[in-house]
Ligand code: R5P
(Lines give C-alpha, C1' and ligand atoms only; values in the text may rest on other atoms or scores of the structure.)
Protein backbone atom coordinates (compact mmCIF):
# COMPACT_ATOMS: atom_id res chain seq x y z
CA UNK A 1 0.00 0.00 0.00
CA UNK A 2 1.02 3.61 0.00
CA UNK A 3 1.40 4.03 3.78
CA UNK A 4 5.09 3.02 3.94
CA UNK A 5 6.55 2.22 0.54
CA UNK A 6 10.11 2.64 1.80
CA UNK A 7 9.59 -0.22 4.27
CA UNK A 8 7.88 -2.35 1.61
CA UNK A 9 10.85 -1.79 -0.71
CA UNK A 10 13.32 -2.75 2.05
CA UNK A 11 11.41 -5.97 2.74
CA UNK A 12 11.25 -6.67 -0.98
CA UNK A 13 15.05 -6.18 -1.23
CA UNK A 14 15.69 -8.47 1.76
CA UNK A 15 13.53 -11.22 0.29
CA UNK A 16 14.74 -10.62 -3.28
CA UNK A 17 11.07 -10.59 -4.32
CA UNK A 18 9.78 -7.75 -6.46
CA UNK A 19 6.98 -5.51 -5.25
CA UNK A 20 3.80 -6.15 -7.18
CA UNK A 21 2.49 -3.45 -9.47
CA UNK A 22 -0.51 -2.00 -7.71
CA UNK A 23 -2.42 0.84 -9.26
CA UNK A 24 -3.78 3.28 -6.71
CA UNK A 25 -5.70 6.03 -8.42
CA UNK A 26 -7.09 8.97 -6.47
CA UNK A 27 -10.21 10.60 -7.92
CA UNK A 28 -10.64 14.39 -7.67
CA UNK A 29 -13.15 13.87 -4.85
CA UNK A 30 -10.58 11.95 -2.80
CA UNK A 31 -11.94 8.46 -3.38
CA UNK A 32 -9.38 5.77 -4.30
CA UNK A 33 -9.48 3.02 -6.85
CA UNK A 34 -7.17 0.09 -6.22
CA UNK A 35 -6.29 -2.40 -8.93
CA UNK A 36 -3.78 -5.24 -8.99
CA UNK A 37 -1.94 -5.54 -12.30
CA UNK A 38 -0.10 -8.83 -11.70
CA UNK A 39 -1.59 -12.27 -12.06
CA UNK A 40 -2.24 -13.36 -8.47
CA UNK A 41 -4.31 -16.48 -9.17
CA UNK A 42 -3.49 -19.11 -6.53
CA UNK A 43 -0.78 -16.87 -5.08
CA UNK A 44 -0.06 -16.07 -1.42
CA UNK A 45 0.00 -12.26 -1.39
CA UNK A 46 1.54 -10.16 1.38
CA UNK A 47 0.45 -6.55 1.85
CA UNK A 48 2.61 -4.12 3.83
CA UNK A 49 0.54 -1.26 5.19
CA UNK A 50 0.88 0.37 8.62
CA UNK A 51 -2.39 2.05 9.59
CA UNK A 52 -0.88 5.17 11.08
CA UNK A 53 -1.88 8.71 10.12
CA UNK A 54 -3.92 9.25 7.90
CA UNK A 55 -5.44 6.30 9.78
CA UNK A 56 -8.84 6.01 8.08
CA UNK A 57 -7.39 6.48 4.60
CA UNK A 58 -4.74 3.81 5.19
CA UNK A 59 -7.33 1.39 6.53
CA UNK A 60 -9.71 1.94 3.60
CA UNK A 61 -6.84 1.45 1.16
CA UNK A 62 -5.91 -1.78 2.98
CA UNK A 63 -9.53 -3.03 2.70
CA UNK A 64 -9.52 -2.31 -1.04
CA UNK A 65 -6.15 -4.03 -1.60
CA UNK A 66 -7.36 -7.17 0.18
CA UNK A 67 -10.59 -7.08 -1.83
CA UNK A 68 -8.90 -6.70 -5.23
CA UNK A 69 -6.45 -9.51 -4.46
CA UNK A 70 -9.18 -11.89 -3.33
CA UNK A 71 -11.39 -11.05 -6.33
CA UNK A 72 -8.41 -11.62 -8.63
CA UNK A 73 -7.92 -15.15 -7.34
CA UNK A 74 -5.27 -14.87 -4.58
CA UNK A 75 -5.41 -18.04 -2.49
CA UNK A 76 -4.14 -16.48 0.73
CA UNK A 77 -3.69 -12.85 1.81
CA UNK A 78 -1.47 -11.79 4.67
CA UNK A 79 -1.42 -8.20 5.88
CA UNK A 80 1.71 -6.97 7.60
CA UNK A 81 0.47 -3.99 9.59
CA UNK A 82 3.48 -2.91 11.67
CA UNK A 83 1.39 -0.31 13.49
CA UNK A 84 -2.23 -1.29 14.02
CA UNK A 85 -4.37 1.85 14.20
CA UNK A 86 -7.30 2.03 16.63
CA UNK A 87 -5.77 -0.62 18.87
CA UNK A 88 -6.14 1.61 21.95
CA UNK A 89 -9.93 1.66 21.50
CA UNK A 90 -10.32 -2.00 22.35
CA UNK A 91 -13.12 -1.74 24.92
CA UNK A 92 -15.72 0.70 26.23
CA UNK A 93 -13.90 3.13 28.54
CA UNK A 94 -16.92 5.37 29.09
CA UNK A 95 -20.61 4.69 28.47
CA UNK A 96 -21.68 5.34 24.90
CA UNK A 97 -18.32 4.73 23.18
CA UNK A 98 -17.74 2.57 20.09
CA UNK A 99 -15.29 -0.33 20.32
CA UNK A 100 -13.36 0.81 17.27
CA UNK A 101 -10.87 -2.04 17.14
CA UNK A 102 -13.70 -4.57 17.01
CA UNK A 103 -15.17 -2.74 14.01
CA UNK A 104 -11.76 -2.81 12.31
CA UNK A 105 -11.34 -6.52 12.99
CA UNK A 106 -14.80 -7.29 11.54
CA UNK A 107 -14.06 -5.21 8.45
CA UNK A 108 -10.68 -6.92 7.85
CA UNK A 109 -12.29 -10.32 8.19
CA UNK A 110 -15.22 -9.37 5.96
CA UNK A 111 -12.85 -8.39 3.13
CA UNK A 112 -11.36 -11.89 3.27
CA UNK A 113 -8.02 -11.28 4.98
CA UNK A 114 -6.49 -14.61 6.03
CA UNK A 115 -3.64 -13.57 8.32
CA UNK A 116 -2.50 -10.45 10.16
CA UNK A 117 1.07 -9.82 11.27
CA UNK A 118 1.69 -6.87 13.55
CA UNK A 119 4.23 -5.51 16.04
CA UNK A 120 4.35 -4.48 19.69
CA UNK A 121 0.68 -4.17 20.41
CA UNK A 122 -0.65 -1.95 23.12
CA UNK A 123 -1.94 -5.04 24.96
CA UNK A 124 -1.42 -8.77 24.48
CA UNK A 125 -5.21 -9.19 24.59
CA UNK A 126 -5.64 -7.54 21.15
CA UNK A 127 -5.39 -10.83 19.17
CA UNK A 128 -8.44 -12.12 21.11
CA UNK A 129 -10.59 -9.61 19.19
CA UNK A 130 -9.64 -11.26 15.86
CA UNK A 131 -10.68 -14.68 14.65
CA UNK A 132 -8.23 -14.90 11.73
CA UNK A 133 -4.63 -16.10 12.10
CA UNK A 134 -2.76 -13.44 14.07
CA UNK A 135 0.98 -13.03 14.64
CA UNK A 136 2.27 -10.58 17.23
CA UNK A 137 5.95 -9.72 16.68
CA UNK A 138 8.18 -7.37 18.65
CA UNK A 139 11.05 -4.95 18.18
CA UNK A 140 12.35 -5.64 21.70
CA UNK A 141 15.08 -8.02 20.48
CA UNK A 142 16.35 -5.34 18.07
CA UNK A 143 16.31 -2.76 20.88
CA UNK A 144 18.27 -5.12 23.14
CA UNK A 145 20.98 -5.52 20.48
CA UNK A 146 21.24 -1.72 20.12
CA UNK A 147 21.44 -1.26 23.90
CA UNK A 148 24.15 -3.94 24.24
CA UNK A 149 26.29 -2.24 21.59
CA UNK A 150 26.32 1.19 23.28
CA UNK A 151 28.22 1.31 26.56
CA UNK A 152 26.98 4.73 27.63
CA UNK A 153 23.41 3.46 27.38
CA UNK A 154 24.07 0.02 28.82
CA UNK A 155 26.18 0.73 31.91
CA UNK A 156 24.56 1.38 35.28
CA UNK A 157 21.16 1.70 33.66
CA UNK A 158 17.62 0.81 34.61
CA UNK A 159 14.73 -0.09 32.32
CA UNK A 160 11.56 1.88 32.92
CA UNK A 161 7.98 1.18 31.93
CA UNK A 162 6.22 4.55 31.76
CA UNK A 163 2.96 2.92 32.88
CA UNK A 164 1.65 -0.26 34.48
CA UNK A 165 0.54 -1.61 31.08
CA UNK A 166 4.16 -1.93 29.94
CA UNK A 167 5.54 -4.17 32.70
CA UNK A 168 5.52 -7.29 30.51
CA UNK A 169 7.57 -5.44 27.90
CA UNK A 170 10.36 -4.34 30.25
CA UNK A 171 10.53 -7.79 31.86
CA UNK A 172 11.16 -9.33 28.43
CA UNK A 173 13.80 -6.70 27.61
CA UNK A 174 15.44 -7.15 31.01
CA UNK A 175 15.68 -10.85 30.28
CA UNK A 176 17.39 -10.14 26.92
CA UNK A 177 19.83 -7.84 28.75
CA UNK A 178 21.08 -10.26 31.42
CA UNK A 179 18.45 -9.19 33.95
CA UNK A 180 19.01 -5.45 33.75
CA UNK A 181 17.09 -3.88 36.69
CA UNK A 182 13.68 -2.44 35.95
CA UNK A 183 11.03 -0.22 37.51
CA UNK A 184 7.55 1.00 36.65
CA UNK A 185 5.94 4.41 36.78
CA UNK A 186 2.37 4.98 37.91
CA UNK A 187 0.64 7.16 35.34
CA UNK A 188 -2.74 8.88 35.27
CA UNK A 189 -4.29 10.00 32.00
CA UNK A 190 -7.24 12.39 31.87
CA UNK A 191 -9.69 10.69 29.48
CA UNK A 192 -11.19 14.05 28.44
CA UNK A 193 -8.02 16.01 27.68
CA UNK A 194 -5.51 13.17 27.21
CA UNK A 195 -3.02 14.91 29.51
CA UNK A 196 -0.66 12.64 31.40
CA UNK A 197 0.68 12.75 34.95
CA UNK A 198 3.48 10.47 36.20
CA UNK A 199 2.89 10.11 39.92
CA UNK A 200 5.52 7.80 41.36
CA UNK A 201 8.07 5.10 40.54
CA UNK A 202 7.68 1.54 41.76
CA UNK A 203 10.75 -0.65 42.01
CA UNK A 204 13.69 1.75 42.47
CA UNK A 205 15.42 1.47 45.84
CA UNK A 206 15.94 4.88 47.47
CA UNK A 207 19.71 4.30 47.79
CA UNK A 208 20.20 3.16 44.17
CA UNK A 209 22.28 5.40 41.98
CA UNK A 210 21.57 4.74 38.31
CA UNK A 211 23.27 6.82 35.63
CA UNK A 212 20.73 6.23 32.92
CA UNK A 213 17.10 5.26 32.56
CA UNK A 214 15.84 3.54 29.43
CA UNK A 215 12.11 4.18 29.01
CA UNK A 216 10.46 1.51 26.87
CA UNK A 217 7.01 1.93 25.31
CA UNK A 218 4.97 0.50 22.46
CA UNK A 219 4.26 3.87 20.88
CA UNK A 220 5.04 7.55 21.18
CA UNK A 221 1.99 9.54 20.16
CA UNK A 222 1.67 12.97 21.82
CA UNK A 223 4.94 12.25 23.66
CA UNK A 224 3.13 13.03 26.94
CA UNK A 225 3.75 9.61 28.50
CA UNK A 226 7.51 9.42 27.96
CA UNK A 227 8.07 13.11 28.73
CA UNK A 228 6.18 12.88 32.04
CA UNK A 229 8.19 9.75 32.88
CA UNK A 230 11.47 11.46 31.97
CA UNK A 231 10.66 14.48 34.17
CA UNK A 232 9.91 12.24 37.14
CA UNK A 233 13.13 10.27 36.64
CA UNK A 234 15.19 13.48 36.45
CA UNK A 235 13.54 14.61 39.71
CA UNK A 236 14.68 11.31 41.20
CA UNK A 237 18.29 12.05 40.30
CA UNK A 238 18.76 10.07 37.09
CA UNK A 239 20.83 12.11 34.63
CA UNK A 240 20.52 10.41 31.27
CA UNK A 241 17.15 9.48 29.82
CA UNK A 242 16.82 7.40 26.65
CA UNK A 243 13.54 6.32 25.08
CA UNK A 244 12.85 3.17 23.06
CA UNK A 245 9.44 3.24 21.38
CA UNK A 246 8.46 0.82 18.62
CA UNK A 247 5.94 3.06 16.88
CA UNK A 248 6.85 6.71 16.16
CA UNK A 249 3.25 7.92 15.84
CA UNK A 250 4.52 11.45 16.66
CA UNK A 251 1.17 13.26 16.66
CA UNK A 252 0.85 17.03 16.49
CA UNK A 253 3.60 18.76 18.50
CA UNK A 254 5.32 15.55 19.66
CA UNK A 255 8.64 16.10 17.79
CA UNK A 256 9.06 19.63 19.22
CA UNK A 257 8.03 18.53 22.72
CA UNK A 258 10.51 15.64 22.62
CA UNK A 259 13.22 17.94 21.23
CA UNK A 260 12.75 20.32 24.17
CA UNK A 261 12.44 17.59 26.80
CA UNK A 262 14.98 16.11 29.19
CA UNK A 263 15.25 13.04 26.92
CA UNK A 264 18.71 12.56 25.39
CA UNK A 265 17.81 10.30 22.50
CA UNK A 266 14.74 8.53 21.11
CA UNK A 267 15.03 5.17 19.32
CA UNK A 268 12.16 4.04 17.09
CA UNK A 269 11.57 1.54 14.29
CA UNK A 270 10.78 2.20 10.63
CA UNK A 271 7.34 0.54 10.78
CA UNK A 272 5.69 3.94 10.37
CA UNK A 273 6.93 6.38 7.72
CA UNK A 274 7.90 9.65 9.39
CA UNK A 275 7.93 12.97 7.54
CA UNK A 276 11.44 14.41 7.22
CA UNK A 277 10.55 17.49 9.23
CA UNK A 278 9.48 15.32 12.16
C1 R5P B 1 -0.39 3.67 26.61
O2 R5P B 1 -0.79 2.92 27.46
C3 R5P B 1 0.66 3.34 25.61
O4 R5P B 1 1.43 2.26 26.00
C5 R5P B 1 1.54 4.55 25.39
O6 R5P B 1 2.22 4.82 26.57
C7 R5P B 1 0.76 5.75 24.99
O8 R5P B 1 -0.22 5.40 24.08
C9 R5P B 1 1.63 6.84 24.45
O10 R5P B 1 0.83 7.93 24.08
P11 R5P B 1 1.31 9.42 24.31
O12 R5P B 1 2.64 9.57 23.65
O13 R5P B 1 0.24 10.25 23.66
O14 R5P B 1 1.35 9.67 25.78
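The values are calculated or read from the model by the stated rules, or taken from the named source; none is laboratory data. None of the values given here were measured: they were computed from a predicted structure. No Cβ is skipped: glycine too gets one built from the backbone with ideal geometry, and neighbour counts run over all protein chains shown.
Before moving on, here are some points about what is shown:
- A search for C-beta distances below 7 Å between a residue of the range 91-108 that is in contact (Cβ under 8 Å) with a residue 60 or more places away in the chain and any residue that is assigned to a loop (DSSP other than H, G, I, E, B), counting only pairs 6+ apart in sequence or on different chains, returns 93/191; 94/191.
- Matching residues, the range 225-245, being touching a helix residue (DSSP H, G or I) at 6+ places or on another chain (Cβ under 8 Å) and within 13 Å of the ligand (Cβ to nearest atom): 226, 227, 243, 244, 245
- Residue 254 falls short on exactly one of the conditions (1) within 12 Å of the ligand (Cβ to nearest atom); (2) over 21 Å from residue 84 (Cβ atoms); (3) modelled with pLDDT of 95 or more; (4) out of contact with any helix residue (DSSP H, G or I) (no Cβ under 6 Å at 6 or more places or on another chain), and that condition is (2).
- Of all residues in the range 125-139 being in contact (Cβ under 8 Å) with a residue 24 or more places away in the chain and outside any loop (DSSP other than H, G, I, E, B), the one that is farthest from residue 244 (Cα to Cα): 129
- Any hit, the range 97-114, residues being within 25 Å of residue 268 (Cβ to Cβ), in a loop (DSSP other than H, G, I, E, B) and within 16 Å of the ligand (Cβ to nearest atom): no
- Any chance residue 113 is touching a helix residue (DSSP H, G or I) at 6+ places or on another chain (Cβ under 8 Å), closer than 26 Å to residue 254 by Cα and surrounded by 14 or more Cβ atoms within 10 Å (Cβ to Cβ): no
- Within the range 222-241, considering residues that are over 25 Å from the mean Cα position of the chain (by Cα) and surrounded by 14 or more Cβ atoms within 10 Å (Cβ to Cβ), the one nearest to residue 53 (Cα to Cα): 234
- Which numbered condition residue 261 misses (of (1) in a loop (DSSP other than H, G, I, E, B); (2) surrounded by 14 or more Cβ atoms within 10 Å (Cβ to Cβ); (3) within 11 Å of the ligand (Cβ to nearest atom)): (3)
- Selected residue [farther than 17 Å from residue 51 by Cα and more than 14 Å from the chain's Cα centre (by Cα)] from 105, 131: 131
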